[in-house]
Ligand code: F3S
């Protein structure tokens with residue numbers, strides 16, 4: 001399980017949905033075609049999968065911070 005703070009910048013998100021395809025339990029497209037983070041899915045998710053999904057975003061719209069260390073993982 002991952003103790004991560006994950007945010008999607010709605011201004012940067014282009015709605016390509018790669019994040020949702022990669023980690024559908026963590027990211028969900030809303031009615032405006034912007035990705036949203038599902039807190040319950042995030043709490044259960046593997047860290048590596050969340051990081052992979054965030055890194056796959058072509059718009060660098062997803063920020064991932066490790067809450068244990070306070071270190072930003074994505075963007076690196
Ligand atoms: Fe948006 Fe990036 Fe996901 S553009 S839909 S946050 S992969």
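The values are calculated or read from the model by the stated rules, or taken from the named source; none is laboratory data. These numbers come from a predicted model, not from an experiment. Cβ: placed from backbone, ideal geometry, glycine included. Neighbour counts: every protein chain shown.
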Residue list for the range 12-29, filter: on the phi < 0 side of the Ramachandran plot and either touching a strand residue (DSSP E or B) at 6+ places or on another chain (Cβ under 7 Å) or at pLDDT below 95 (or both):
13, 19, 20, 26, 27, 28, 29
Do we have any residue at all in the range 30-51 that's free of Cβ contacts under 8 Å to residues at least 12 places away in the same chain and touching a strand residue (DSSP E or B) at 6+ places or on another chain (Cβ under 7 Å)?
yes
Considering only residues that are more than 15 Å from residue 18 (Cα to Cα) and within 16 Å of the ligand (Cβ to nearest atom), look in the range 40-51 and name the one that is surrounded by the fewest Cβ atoms within 10 Å (Cβ to Cβ).
41
In the range 27-73, which residues are in a helix (DSSP H, G or I), out of contact with any helix residue (DSSP H, G or I) (no Cβ under 8 Å at 6 or more places or on another chain) and closer than 14 Å to residue 2 by Cβ?
39, 40, 41, 43, 44, 47, 48, 51
Failed item, numbered, when residue 2 is tested on (1) surrounded by 15 or more Cβ atoms within 10 Å (Cβ to Cβ); (2) at pLDDT 95 or above; (3) touching a helix residue (DSSP H, G or I) at 6+ places or on another chain (Cβ under 7 Å):
(2)
Within the range 52-64, residues being out of contact with any strand residue (DSSP E or B) (no Cβ under 6 Å at 6 or more places or on another chain) and surrounded by fewer than 21 Cβ atoms within 10 Å (Cβ to Cβ) number 5
